[in-house]
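Trainee: The structure's right below; bear with me while I get my questions together.
The values are calculated or read from the model by the stated rules, or taken from the named source; none is laboratory data. Being a predicted model, the structure only gives us computed values, none of them experimental. Positions of Cβ are generated from backbone atoms using ideal geometry, with glycine treated the same way; all protein chains shown enter the neighbour counts.
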Amino acid sequence: MATPPTAARRRAQIEADELTRVAKENWSSEARAAAAPPPFRPDLVDKVYAAELGGGPAPQKLKRVMLLEISQYLENYLLPHFDAEASTDAHVMSILVRWWALVGEAPRARGSDDALST
């Protein structure tokens with residue numbers, strides 16, 4: 001039987017994840033507080049939606065949604081840059097998927113660290 005990952009190992013896995021790197025560069029508190037914060041990239045929203053939130057050929061995975069929640073994707077990137085006139089369908093759907101995760105799946109997973117383990 002496999003030993004569950006330790007908290008330190010889980011943290012290392014999260015830190016090593018490509019999605020974590022993208023979050024740090026684009027919507028982390030540090031990136032947003034920089035003298036020259038990164039510009040908003042609608043193409044990045046489209047890419048994250050397709051690759052991580054079920055907008056592409058692969059279904060969404062709770063682990064990926066949880067990483068986006070930890071990085072505050074909704075609060076720091078999607079909502080501040082939402083424009084009802086100009087936002088893409090992927091932007092709108094990303095907001096809806098993230099809200100669904102917040103009120104549906106994510107609270108159930110919070111009871112167990114297994115949601116972020118591999």
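Trainee: Evaluate the range 6-13: report whether one residue or more is surrounded by 14 or more Cβ atoms within 10 Å (Cβ to Cβ) and β-branched (Val, Ile, Thr).
Mentor: No, the conditions are met nowhere in the range 6-13.
Trainee: Of 72, 60, which residue is under 17 Å from residue 100 (Cα atoms), among the polar types (S, T, N, Q) and free of Cβ contacts under 8 Å to residues at least 40 places away in the same chain?
Mentor: It is 60.
Trainee: Which members of the range 63-81 meet the condition of being among the hydrophobic types (A, V, I, L, M, F, W, C) and exposed (fewer than 15 other Cβ atoms within 10 Å of the Cβ)?
Mentor: 70, 79
Trainee: Return the pair list, or none, for Cβ contacts closer than 9 Å from residues in the range 27-53 that are under 18 Å from residue 70 (Cα atoms) to residues that are among the acidic types (Asp, Glu) and surrounded by fewer than 13 Cβ atoms within 10 Å (Cβ to Cβ), at least 6 apart or on different chains.
Mentor: Listed pairs, sorted by first residue: 27/75; 31/25; 49/89.
Trainee: With respect to residue 21, determine if the residue is of a type outside the set (A, V, I, L, M, F, W, C), at pLDDT below 90 and assigned to a helix (DSSP H, G or I).
Mentor: Here the answer is no, as residue 21 does not meet what is asked.
Trainee: Can I ask one more? Can you pull out the residues in the range 23-57 that are over 10 Å from residue 77 (Cα atoms) and charged (D, E, K, R)?
Mentor: Correct list: 24, 25, 30, 43, 46, 47, 52.
Trainee: Quickly run through the range 24-37 and pick out the residues that are outside any helix (DSSP H, G or I) and either surrounded by 14 or more Cβ atoms within 10 Å (Cβ to Cβ) or within 12 Å of the chain's Cα centre (by Cα) (or both).
Mentor: Of everything in the range 24-37, those that are outside any helix (DSSP H, G or I) and either surrounded by 14 or more Cβ atoms within 10 Å (Cβ to Cβ) or within 12 Å of the chain's Cα centre (by Cα) (or both) turn out to be 27, 28.
Trainee: Still on this structure, please answer the following. Just the residues that are of a type in the set (Val, Ile, Thr) and within 17 Å of the chain's Cα centre (by Cα), please, taken from the range 68-89.
Mentor: Within the range 68-89, 70 is the sole residue that qualifies.
Trainee: Moving on to the next point. Would you check which residues across the range 38-70 are outside any helix (DSSP H, G or I) and of a type in the set (Lys, Arg) and list them?
Mentor: Within the range 38-70, 41, 61 qualify.
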